[in-house]
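What follows is one structure encoded as structure tokens, with my remarks underneath.
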Amino acid sequence: MSVGDENPFGELLQDYVLECLPLAEQVADTFVELERRWRAGDPADELLGSLPGRLHTVKGNSAMMGLTPAQETAHALEDACGLLRRSSERRTDPAAALLITGGGLLVDLVRQASPELDPGPAARYVERVRQWMQGEGPPAADTQSERRRTDRRGGGGADKTDSVVRVDFRRLDALLEVLGEGLIQHSALAEAYRRLARRSGACEELDRLDQTILALEKTLKRLESTLMETRLLPIASVFGRFPRMLRDTAEAEGKRVRLLQSGGETPLDKAVLDRLSEPLLHLVTNAIVHGMEPPDARSLAGKPEEGTIRLDAAPHAGRVVIRVADDGRGLDEKAIRKKAEALGQELRDDEVVPLRSLIFLPGLSTAEQVSRLAGRGVGLDVVAGAIHALGGTIDVETEPGKGTAFTLSLPVTLAIIRSLIVEIDHERFALPMAHVAETVRAEPDAIREINHRGVAQWRGDLIHVADGGAVLGTAAADRAPRRFYVVMAAGGKRQALLVDRLVGHQDIVVKGLDPALGRPDVVSGTTILGDGRVACILDSVRILEGGRRAG
Amino acid sequence: MPHSFLVIDDSKLHHQMYRLIFSRGALAGSTVHYATNGREGYGLLAAHPELTLVLLDLNMPEMNGLEVLERRRAEGLHPHIPIVLVTTEGSAEDEARGRSAGAWEYLRKPFQPADVEHLVMRALAKAEPIA
Amino acid sequence: MPVEERQIRAPLLGFADAMEARAVADTASAPGPELHLLTFVLEREEFGVPVTQVREVIRVSDITRVPQAPAHVRGVANLRGRILAVVELRSRLGLPPADLTPRSRVVVVEVRGRVLGLLVDAVRQVTKVPEASVVPAPEEVISADVDYLRGVARWQSRLIILLDLEKALLPTE
């Protein structure tokens with residue numbers, strides 16, 4: 001079938017991408033792994049054996065869809081793998097590089113799934129493979145540019161992998177806006193009903209109205225959960241970029257590193273994923289550049305020359321936990337403390353400041369020399385900032401000589417969150433339920449003062465009780481009595497916040513903060529309440545951390 | 001009488017393609033059974049003696065196309081049902097093996113809806129004297 | 001507009017004084033290119049912004065304060081389901097704060113694709129002034145703090161201070 005023919009299966013392009021892209025990515029990742037194994041002297045026969053079947057499927061499917069460049073690239077790779085299976089003496093670095101180039105090309109071609117692609121790069125690649133198979137010396141290295149040239153000629157039109165989501169996503173966002181309005185109108189309706197019921201007392205008509213409002217709520221809830229499901233994508237869509245990136249970075253740094261992954265199927269809202277990939281990439285790059293010792297240093301330390309980076313994701317208690325761990329040299333805690341002191345952090349001997357509250361400080365970089373790759377002027381404070389902005393937490397554990405692990409905890413979605421609405425100094429605020437442990441009536445003698453800090457007994461422990469007005473800087477002259485406190489908990493920290501009134505629970509649609517509002521520590525976003533007023537969403541995680549400015 | 005087909009293919013994309021093919025023209029209204037591997041496909045073959053035609057993919061996990069053909073011949077299961085072996089270009093060797101294992105015809109990817117329709121017509125012409 | 005006794009010494013008013021001292025007689029109403037302005041009042045002075053940057057003028061409803069927001073941000077308001085950040089223009093221009101009155105308005109402007117609200121004492125009118133009537137801001141009063149002054153239009157005995165909204169609202173972020 002020639003390019004340009006009307007394909008009878010054209011409407012199945014998205015199904016094609018869904019089926020073939022994971023296969024192409026597995027193939028591309030396997031090529032990276034092959035190179036690593038071959039360098040270590042492992043012929044990796046079984047790994048090589050896993051390739052032709054996948055390539056064959058990609059080839060056949062591409063042919064059916066009339067996507068000739070992808071078909072031919074898969075075919076060439078299939079042939080190359082066949083040759084490599086037969087002759088182990090050809091399993092060399094240049095051969096691996098040739099495969100890796102082809103893997104990247106194949107992923108790009110499948111992802112774009114367009115019958116209008118420039119056939120040039122695939123044709124040139126097929127020719128290079130043919131020459132290599134005939135033993136005409138190592139193929140000309142032209143990795144990056146060849147891949148870049150696969151960009152579609154005409155431009156326009158979205159990338160098909162994501163189009164299932166990306167093209168539809170703006171519509172999903174629009175739908176979410178509409179749903180948000182529905183939720184707001186529902187709360188307005190419920191509020192009006194309550195007032196009406198108070199004024200006129202119970203009657204049959206009001207009962208029916210109440211039933212209808214309840215039914216409407218259920219319907220909106222169903223709409224919400226269906227909509228949320230549509231927004232979810234497996235985290236593999238971000239993880240998938242790492243193997244090849246890791247290989248390039250490790251190569252440039254003269255390190256030997258392998259990547260192990262798990263939990264790629266864990267679902268996350270695409271909006272979270274989009275904003276997660278940059279910080280994750282930074283953590284992985286850091287692990288290679290700063291965490292990993294060079295091979296000789298590792299073998300001196302009695303460790304395998306090849307380092308391991310683990311990337312694990314798993315759902316946990318309604319959130320997603322991601323761990324980025326390396327088995328490198330670990331963080332130099334002494335150096336970090338020294339740097340932190342130089343930066344003006346007061347470190348008292350009697351108080352053990354946890355490492356995690358130092359390492360994410362702005363301006364703190366422990367690397368002695370600035371590396372070409374990681375030296376992009378981005379520190380862990382920026383990573384932490386990005387994670388916090390997502391409503392997440394980041395923590396670090398490290399052991400000298402053993403390695404470092406970063407643990408991120410993230411909300412599955414950013415779009416709609418269940419919140420507790422409270423009132424402090426005549427303003428309403430939303431507190432995400434994810435971090436609300438309990439609400440307690442503030443009895444006069446329940447809160448004591450120790451060292452000028454309010455404390456209260458909670459579940460057998462003493463916890464700090466902070467005044468909401470003081471934390472938010474809202475303290476009004478005509479301060480209302482604080483009748484309740486809300487116990488917040490996140491990342492092992494607990495603290496209570498005194499508030500005037502508990503207004504109720506509500507699913508709120510999260511709206512962003514206009515850049516004109518600066519970057520407040522205690523507020524993570526805004527929302528519109530049932531009465532049409534705007535409320536700020538409190539950043540419980542930052543409040544628990546004591547806020548940057550407070551620290 | 002509406003036709004009934006069995007598709008044995010591990011590719012969901014191919015299921016979608018056959019669904020398109022069997023939903024139009026003379027074939028509209030046909031019943032189509034789908035299996036995603038040879039083992040499952042063999043079970044469906046055994047359960048449906050009324051099948052008009054079977055489209056069997058060559059490359060599959062858990063019992064590939066050749067294994068399905070060989071087992072069917074060994075067990076003598078519904079020998080009257082024509083089985084089409086679906087291959088990708090460049091598998092002439094496999095096609096020969098398929099024929100000798102009892103494939104009635106083979107269909108090479110990439111194929112067009114018309115190719116499948118043509119095969120079905122041929123299979124019906126062949127089957128009529130038996131029925 | 002008659003000049004009244006001023007009690008405050010904001011940089012802005014210093015600028016106005018300087019302009020006044022420099023001003024010669026009213027420019028004759030020579031026909032030529034005109035500026036289309038929306039004018040509003042702050043601290044009894046008249047200010048103008050190009051109408052092309054104004055989307056609408058709304059009455060002040062509930063403005064929710066945002067903890068730790070910059071001092072010149074009054075808060076956020078619900079503009080038909082959209083969150084609108086409202087800038088306290090008085091504080092941005094170094095004028096003393098004032099209470100909301102029934103005449104207070106929020107001028108919704110769009111600057112480089114961003115929509116923001118400006119809280120003003122009152123909105124006066126939409127007017128046209130000849131470009132020739134605009135005197136550029138003199139160097140001596142332009143400092144880093146007051147670079148949002150584009151100039152002053154002296155037109156038919158009125159003095160309209162022209163604001164550069166980009167500089168006033170989008171300081172180097």
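Side notes on the structure shown:
- Put in order of Cβ neighbour count within 10 Å, fewest first, the listed residues A:TYR193, B:TYR18 become A:TYR193, B:TYR18.
- Using the alpha carbons alone, the radius of gyration of segment B:4-111 stands to its Kirkwood radius in an Rg to Rh ratio of 0.93.
- In this structure the amide hydrogen of B:ASN59, modeled in the peptide plane, comes within under 5 Å of the amide hydrogens of B:GLY65, none closer than 5 places in sequence on its chain.
- Partner lysines whose Cα lies under 17 Å from the Cα of A:LYS255, excluding those fewer than 8 positions away in the same chain, are identified as A:LYS303, A:LYS402.
- Summarising the amide proton neighbourhood of C:LEU35: residues at separation of 5 or more, or on other chains, whose placed amide H is nearer than 5 Å comprise C:VAL129, C:GLU131.
- Computed from backbone phi, the HN-Hα couplings of segment C:105-110 come to 9, 10, 8, 8, 10, 10 Hz, rounded to whole numbers (Karplus: 6.51 cos²θ - 1.76 cosθ + 1.60, θ = phi - 60°; Gly and Pro given as x).
- Summarising the amide proton neighbourhood of A:ASP118: residues at separation of 5 or more, or on other chains, whose placed amide H is nearer than 5 Å comprise A:ARG153.
- Straight-distance candidates among the lysines for linking to A:LYS59, with alpha-carbon spacing under 22 Å and chain neighbours fewer than 8 residues away dropped: A:LYS160, B:LYS12, B:LYS109.
- Segment A:274-344, relative contact order in percent, only Cα pairs under 8 angstrom and at least six apart counted: 28
- Counted charge near A:ALA430, where neighbours are those whose Cβ lies closer than 14 Å (Asp, Glu -1; Lys, Arg +1): 0
- Note, ³J(HN,Hα) from phi for segment C:78-84, Karplus 6.51, -1.76, 1.60, rounded to Hz, x at Gly and Pro: 8, 9, 6, x, 10, 8, 10
- Expected 222 nm ellipticity per residue - DSSP helices of 4 or more, -39500 (n - 2.57), all of chain B, to 500: -12500 deg cm²/dmol
- Taking θ as phi - 60° and the Karplus parameters 6.51, -1.76 and 1.60, the scalar couplings of segment A:265-276 work out to 7, 4, x, 9, 4, 4, 5, 6, 4, 4, 8, 8 Hz in sequence order, x denoting glycine and proline.
- Which of A:ASP521, A:ASP42, B:ASP57, A:ASP332 has the fewest Cβ neighbours within 10 Å, and the rest in rising order: A:ASP42, A:ASP332, A:ASP521, B:ASP57
- Span from the segment A:274-334 Cα centroid across to the segment A:445-486 one, whole angstrom: 40
- Taking a Cβ cut-off of under 14 Å around B:SER30, the surrounding Lys, Arg, Asp and Glu residues balance to a net charge of 0, with basic ones at +1 and acidic ones at -1.
- GNM result for chain B, Cα springs below 10 Å: residue of B:GLY38, B:GLY76, B:GLY29 fluctuating most strongly: B:GLY76
- Cα gyration tensor, segment C:29-140 - rounded (a/c under 1.5), prolate or oblate: prolate
Computed from the coordinates by the stated procedures, all read-outs in this text should not be read as laboratory data. Just so it is clear, the structure is predicted and the values come from calculations on it, not from any experiment. Cβ sites come from the backbone with ideal geometry, for glycine too, and all protein chains shown count toward neighbours.
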